[in-house]
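Notes to accompany the following structure.
No lab work stands behind these numbers, since they all come straight from the coordinates. The shown structure was predicted, so the numbers you read here are calculated from the model rather than taken from an experiment. Here Cβ is always computed from backbone atoms with ideal geometry, including for glycine, and neighbour counts include all displayed protein chains.
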Amino acid sequence: MTGYKCSQILDPAVLSPLGIARMCQLLLGCTIMALVSHSAGYSANYGTFCMFVWCFCFAVTLLVFTLDITRLHTCMPISWDNFTVAFAMLATLMYITASVVYPVYFLQTECPDESCEVQFYRIAVTVCSSVCCFPYGAEVFLTRAKPGAVVGYMATVSGLLKVVQAFVACIIFGALANDSEYSVYIATQYCVVVFSLCFSVTVIVIVLTVSGRTAALRLPFDRFVVIYTFFAVVLYLSTTLIWPIFSFDKKYGNTTRPEACPRGACPWDSKLVVAVFTSVNLILYFVDLIYSQRIRFVSSSAV
């Protein structure tokens, strides 16, 4: 009887499609860290970022997998399903970014004979990192909201978009910090305020949902989400128009990339990244606004 009960406990967490996806995440994550530590290597800020992504995702996935098997997550004061789907979405985005950044800065088209071994290890890291995007994406697919099912807000399209919006905002902040010259004009400073405000509220929405504290809001949560998303669309629309004008117009900046502009330390490149991802976030918030009007969040749900 004891053996039967143990198998009943382990089956959903280990032998289910979700459990298999998490085991693949752990296997690939461990392989990546071993390859990087052994010979592939990493350096500078970009390499440190990639290593952080792999270590962070592995550590949290191991924690999630362990708590799911032991059922200890029921003792935690958080909404477990909201937390796991939000982390899976974040890990997918982080792995995609690392899978692009690492080969761009660490792979070369040609290598000297004595360095080809390192090149092979770096290719293996890139392949494993790219493949690992799929198990995390599969977890998002498996735990997403399905028609007729009662789920947490983070499992809905609107909830998942919140994670993507916050991640895109982090990319914008990274570009702003990389000598973007945003402090030159008041208009570009306004754009930074908008980015910061929208990012802060988005993170608050995610934290309240994951912690199960949405009832702390004085407004019904679904109405708050719709109202905030509407204002975010309006604010991002203004920055989508203002930032390019004060960055690329002849009166305020350069319409084309200056020739004497070093790679990785060029203000024009940073301004372009900000402009592109500002437009991306505008689209994300607009889609979010459409979907957020179609959902009904159940605040009393245990999920």
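Which whole-Hz ³J(HN,Hα) couplings does region 220-228 yield from phi under the Karplus relation 6.51 cos²θ - 1.76 cosθ + 1.60, θ = phi - 60°, glycine and proline marked x?
Here the 3J(HN,Hα) series is x, 4, 5, 5, 4, 4, 5, 4, 4 Hz.
Once you list every other residue whose beta carbon is under 13 Å from the beta carbon of VAL168, what net charge do they have if Lys and Arg are +1 and Asp and Glu are -1?
Working: positive: LYS162; negative: ASP288.
Within the 13 Å Cβ shell, the charges total 0.
State to the nearest 20 debye the size of the charge dipole of region 157-303 about its Cα centre, where the only charges are +1 on K and R beta carbons and -1 on D and E beta carbons.
Dipole of region 157-303, to the nearest 20 debye: 400 debye.
Sorting ARG122, ARG218 on the 10 Å Cβ count, fewest up front, what's the list? It would help to have the intermediate numbers written out before the result.
Values: ARG122 22, ARG218 6.
Least crowded to most crowded, the residues run ARG218, ARG122.
I need the phi-derived Karplus couplings for region 73-79: 6.51 cos²θ - 1.76 cosθ + 1.60, θ = phi - 60°, integer Hz, Gly and Pro marked x.
Each residue's phi maps through the Karplus curve to give 5, 5, 8, 8, x, 9, 7 Hz.
Report the calculated FRET efficiency for ILE290 and VAL234 (r = Cβ-Cβ distance, R0 = 25 Å), to the nearest 0.05.
0.95
Test of understanding: ordering SER99, SER37 by Cβ neighbours within 10 Å, fewest first, what list do you get? Write out the running numbers ahead of the final one.
On the way: SER99 21, SER37 11.
So the residues, fewest neighbours to most, are SER37, SER99.
For LYS146, LYS271, what ranking results if the residue with the fewest other Cβ atoms within 10 Å of its Cβ goes first? Present the calculation step by step, with values, prior to reporting the outcome.
Details: LYS146 9, LYS271 25.
In increasing order of surrounding Cβ atoms, one gets LYS146, LYS271.
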